[in-house]
1. Considering only the range 43-158, give the strands (runs of 3 or more DSSP E) lying wholly within it that have at least 3 residues that are within 22 Å of S207 (Cβ to Cβ).
2. Looking at the range 191-225, which of the residues that are acidic (D, E) and more than 15 Å from the chain's Cα centre (by Cα) is nearest to F251 (Cα to Cα)?
3. Restricting the search to the range 91-113, which residues are polar (S, T, N, Q) and crowded, with 19+ Cβ neighbours inside 10 Å?
4. Within the range 179-195, is there a residue that is surrounded by fewer than 24 Cβ atoms within 10 Å (Cβ to Cβ) and not in a loop (DSSP other than H, G, I, E, B)?
5. Which pairs turn up if I take residues in the range 26-48 that are on the phi > 0 side of the Ramachandran plot and look for partners that are of a type in the set (G, A, S) with beta carbon separation below 7 Å, at least 6 apart in sequence or on another chain?
6. Starting from the range 90-101, keep only residues that are more than 12 Å from S236 (Cα to Cα), then list their pairs with residues that are of a type outside the set (A, V, I, L, M) and surrounded by fewer than 21 Cβ atoms within 10 Å (Cβ to Cβ) whose Cβ atoms are within a distance under 6 Å, requiring at least 6 positions of separation or different chains.
7. Hey, among the residues in the range 215-230 that are buried (at least 16 other Cβ atoms within 10 Å of the Cβ) and in contact with a Leu (Cβ under 7 Å, 6 or more places away or on another chain), which one's farthest from R276 (Cα to Cα)?
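The values are calculated or read from the model by the stated rules, or taken from the named source; none is laboratory data. No experiment lies behind these values; they were computed from the predicted model shown. Positions of Cβ are generated from backbone atoms using ideal geometry, with glycine treated the same way; all protein chains shown enter the neighbour counts.
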Amino acid sequence: MTAAAATAGLLLTGLAPGAQAADNPYERGPAPTNASIEASRGSYATSQTSVSSLVASGFGGGTIHYPTSTADGTFGAVVISPGFTAYESSIAWLGPRLASQGFVVFTIDTNTTLDQPDSRGRQLLAALDYLTQRSSVRNRVDAGRLGVMGHSMGGGGSLEAAKSRTSLKAAIPLTGWNTDKTWPELRTPTLVVGADGDSIAPVATHSKPFYASLPGSLDKAYLELRGASHFTPNTSNTTIAKYSISWLKRFIDNDTRYEQFLCPLPQPSLTIAEYRGNCPHTA
């Protein structure tokens with residue numbers, strides 16, 4: 001993001017440069033540290049409620065994880081889809097981990113385990129609509145601050161959802177798979193996560209083309225996990241959590257306190273093979 005665009009964004013929100021963090025009504029939780037976003041749990045106690053497939057419309061049911069406190073008002077929300085042949089259990093670890101950082105998180109099952117990315121994209125949006133309109137925690141959710149995530153075909157589905165609903169604030173495909181490799185239509189800040197050892201959705205034919213096709217003007221980043229496989233997102237992973245939390249906080253909560261973890265761009269390390277981005281920051 002250019003300095004001019006950043007200043008324009010600040011002016012549009014009615015904030016002077018430097019005042020955004022203090023005046024941001026969506027800021028949730030204490031000031032972050034590297035330790036706090038790498039921790040297995042954040043500062044919020046959480047609870048969960050199950051959604052039966054019998055009451056779900058357009059998706060396969062799932063589990064809603066949410067902060068138990070209502071003292072901070074409403075929270076942004078994220079829906080997460082599993083991949084091909086997989087169930088909610090494969091992405092369940094993300095539910096309480098993200099919710100404890102100050103989000104309402106809906107980990108879902110799809111209508112069938114064989115659903116393709118375009119279908120999974122529609123199901124992510126149907127689950128968001130259920131969450132904001134019909135769920136028992138709808139009063140805890142800010143319907144204007146929503147995001148999507150997904151693994152494999154669910155990751156491809158998150159791109160489909162962002163393409164269909166440009167009002168989404170964040171999208172994170174995790175080792176995503178899709179036959180559509182180009183996404184110039186996206187207007188949603190997108191963090192593409194790939195794995196250097198992925199033989200099912202190799203980064204050369206999936207995650208890297210996804211990222212490269214996103215508009216240059218879009219807030220975007222590409223994180224390639226080192227020593228990882230297609231199924232790395234199916235178990236608790238600190239690197240995935242750290243950068244997902246930072247991305248969601250920055251773009252769903254508009255919380256610039258998390259920019260420090262995204263810019264300057266993270267360097268290759270024991271867990272990061274590569275990181276690209278256009279440094280989506282206002283600082």
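1. Counting at least 3 such residues, we get 75-81, 141-151.
2. Per the stated criteria, the residue is E224.
3. Hits for the range 91-113 are S100, Q101, T107, T110.
4. There is no residue in the range 179-195 that is surrounded by fewer than 24 Cβ atoms within 10 Å (Cβ to Cβ) and not in a loop (DSSP other than H, G, I, E, B).
5. Qualifying pairs under 7 Å: G29/G42; G29/S43; G29/G102.
6. From the range 90-101, the pairs are S100/R41; S100/Y44.
7. Ranking the candidates gives L218 first.
This table checks each residue for (1) more than 27 Å from G154 (Cα to Cα); (2) in contact with a His (Cβ under 7 Å, 6 or more places away or on another chain); (3) surrounded by 13 or more Cβ atoms within 10 Å (Cβ to Cβ); (4) at pLDDT 95 or above.
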{"site": "A6", "(1), (2), (3), (4)": "yes, no, yes, no"}
{"site": "L11", "(1), (2), (3), (4)": "yes, no, no, no"}
{"site": "A22", "(1), (2), (3), (4)": "yes, no, no, no"}
{"site": "N34", "(1), (2), (3), (4)": "yes, no, no, yes"}
